[in-house]
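Heads up: the structure comes next, in structure tokens.
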Amino acid sequence: MTKTVNHWIGGKSVDGASGTFGPVTDPATGAVTTQVAFASVDEVDAAVASAREAFATWSTSSLAKRTAILFKFRALLDANRDAIAELIVAEHGKVHSDALGEVARGLEIVDLACGITVQLKGELSTEVASRVDVSSIRQPLGVVAGITPFNFPAMVPMWMFPLAIACGNTFVLKPSEKDPSAAMKIAELLSEAGLPDGVFNVVHGDKVAVDRLLEHPDVSAVSFVGSTPIARYIHTTASANGKRVQALGGAKNHMLVLPDADLDAAADAAVSAAYGSAGERCMAISAVVAVGAVADELVGKIKERAEKIKIGPGNDPTSEMGPLITAAHRDKVASYVTGAAAQGAEVVLDGTGHTVEGYEDGHWIGLSLLDRVPVTADAYKDEIFGPVLCVLRVDTYEEGVALMNASPFGNGTAIFTRDGGAARRFQLEIEAGMVGVNVPIPVPVGYHSFGGWKDSLFGDHHIYGNDGTHFYTRGKVVTTRWPDPSDAPSGVDLGFPRNH
């Protein structure tokens, strides 16, 4: 019998009532293993109503109580790393070590939320005028929503809700319908940690659920991570409905390799950053820009390493890369490789025919490497979101930076060089929100914020770090004047001398 994933509303699992379900497949086998309930408008409304009711008491609870619950949740999350990783492997397909790494990065934000007391401290200025003080405080927004992608079903939600609820908000999560079980496991752990009913809710579904969250009058803010077209839609629609929005979009991350770089280190970095998690991550390096005469040697080293990567099911400890999330996505990724030569690229490695023995119906694709890719080629222009690496060749540092800055995306980027002066110029001149110097995937640690520029981010706030705390709170300034006790009316004795 197929397992059913239902909603989590008001502190418990709630059966789907819409009658609409979506399939969840095991990417390694192609078999449908689970069905997930799709929420109707009424079911989304029920989750928001539960969150709104809980906000009345949660927002006024002490910071000590909130952080105590988060500390308990952190311990439970740590103890259940493997269980969550197994759910991710079964529904997303990534290898177990990648899934464990995802949980570990989510834990960083839980750690940050456990110390939220420092981030929520206000400011005070005394005697700005005679007996006048001014203080600044931050208060929660209300009900906030998170809409998260399939590629990190545990980590990306944890980029959002720990800070949101630590700040006193209540939360409605709409995870990807392709791999929903990790979100439900997290909901169970939060409840076990003592989080009051209604503070954290999960609704599954499609555009019906998303659109209702974007227009619901009781939702104050929306956080989103996904593709650029959807991020733009989320930002436009939610903003038009008066909501605060942070919408993180797609990417085409470049890695600039200068002639003085350690080419072995650069090749290692390119392979891990391009093909790790099967390329299904917005911080993947999908374009290497080789400067000068190093291109031939660099491409050779990347090819040599890529050919040794073992592809297989995520629950096999020897697998280094798993399948793609769906057969349709696999076919779309493959189309960029099969069409590359006609658009002027040289196909060095073609992974489109790859299969895994015993798992022939899985969503498999091998590693592809394209050299001398024109900037007009679809494989360069589009976010492929798969294990396809493009190599572009330029003559100078300046030409490389100009090429990279011409991209409409500005998420992450990297430079590989031994020259500190060149690296310094690069980090100042490149138009991207996250920069790595000899670091191929510059994802910030939890206490710095994550976010890109240009078409990679819509809204004013990056996610987590200080930006996350600011996004989930709003400022209030209080100006106060109190008469001195010595000025009390005649006949009222407050115990202060009249002359002091």
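Run Met184 past the list (1) buried (at least 24 other Cβ atoms within 10 Å of the Cβ); (2) not in a strand (DSSP E or B) and report the number of the one that doesn't hold. For Met184, the failing item is (1). Only a single item in (1) within 19 Å of the chain's Cα centre (by Cα); (2) among the hydroxyl-bearing types (Ser, Thr, Tyr); (3) surrounded by fewer than 24 Cβ atoms within 10 Å (Cβ to Cβ) is not met by Ser220, and it is number (1). When you scan segment 322-342, do you find a residue that is of a type in the set (A, V, I, L, M), open to solvent by 60 Å² or more (accessible area, probe 1.4 Å) and under 15 Å from Gly386 (Cα atoms), even just one? So far as segment 322-342 goes, yes, one or more of its residues are of a type in the set (A, V, I, L, M), open to solvent by 60 Å² or more (accessible area, probe 1.4 Å) and under 15 Å from Gly386 (Cα atoms). In summary, His329 fulfils each of the numbered conditions (1) part of a loop (DSSP other than H, G, I, E, B); (2) at pLDDT 95 or above with the single exception of condition (1). Within segment 84-135, the set of residues being assigned to a loop (DSSP other than H, G, I, E, B) and buried (at least 24 other Cβ atoms within 10 Å of the Cβ) comprises His92, Gly93, Lys94, Val95.
Count of segment 225-249 residues, restricted to those that are of a type in the set (Phe, Trp, Tyr) and open to solvent by less than 10 Å² (accessible area, probe 1.4 Å), is 0. For segment 346-377, the set of residues classified as open to solvent by 40 Å² or more (accessible area, probe 1.4 Å), under 26 Å from Val294 (Cβ atoms) and either of a type in the set (Val, Ile, Thr) or under 29 Å from the mean Cα position of the chain (by Cα) (or both) consists of Val347, Val375, Thr376, listed by residue number. Report whether or not Ala51 is in contact with a strand residue (DSSP E or B) (Cβ under 8 Å, 6 or more places away or on another chain), in contact (Cβ under 8 Å) with a residue 40 or more places away in the chain and either farther than 17 Å from Thr326 by Cα or not in a helix (DSSP H, G or I) (or both). The answer is yes for Ala51.
Filtering Ala293, Ala274, Ala266, Ala306 for residues that are farther than 18 Å from Val95 by Cα and open to solvent by less than 10 Å² (accessible area, probe 1.4 Å) leaves a single hit, Ala266.
Would you confirm, using the coordinates I've provided, whether Asn405 is in contact (Cβ under 8 Å) with a residue 12 or more places away in the chain, surrounded by 15 or more Cβ atoms within 10 Å (Cβ to Cβ), of a type in the set (S, T, N, Q) and under 18 Å from Tyr275 (Cα atoms)? No. Considering only residues of segment 195-209 that are open to solvent by 20 Å² or more (accessible area, probe 1.4 Å) and within 20 Å of the chain's Cα centre (by Cα), which is nearest to Ile9 (Cα to Cα)? In this case the residue turns out to be Asp206. Apart from one condition, Ser13 fits all of (1) among the hydroxyl-bearing types (Ser, Thr, Tyr); (2) in a loop (DSSP other than H, G, I, E, B); (3) under 19 Å from Leu189 (Cα atoms); the exception is (2). Going through (1) in contact with a helix residue (DSSP H, G or I) (Cβ under 8 Å, 6 or more places away or on another chain); (2) within 19 Å of Gly16 (Cβ to Cβ); (3) open to solvent by 10 Å² or more (accessible area, probe 1.4 Å) one by one, Glu192 falls short only on (2). Among residues belonging to segment 40-83 that are over 23 Å from Ala164 (Cα atoms) and over 23 Å from the mean Cα position of the chain (by Cα), point out the one that is surrounded by the most Cβ atoms within 10 Å (Cβ to Cβ). Among them, the one singled out is Ser40. Note on segment 408-449: residues that are farther than 21 Å from Gly101 by Cβ, surrounded by fewer than 19 Cβ atoms within 10 Å (Cβ to Cβ) and in contact with a helix residue (DSSP H, G or I) (Cβ under 6 Å, 6 or more places away or on another chain) total 4.
The values are calculated or read from the model by the stated rules, or taken from the named source; none is laboratory data. Not measured: the values here are computed from a predicted model. Ideal geometry is used to build each Cβ from the backbone, glycine not excepted, and the neighbour counts take in all protein chains shown. Surface areas here come from the heavy atoms of the whole protein model, side chains and all, with no ligands, DNA or RNA. Shrake-Rupley method; radii C 1.70, N 1.55, O 1.52, S 1.80 Å.
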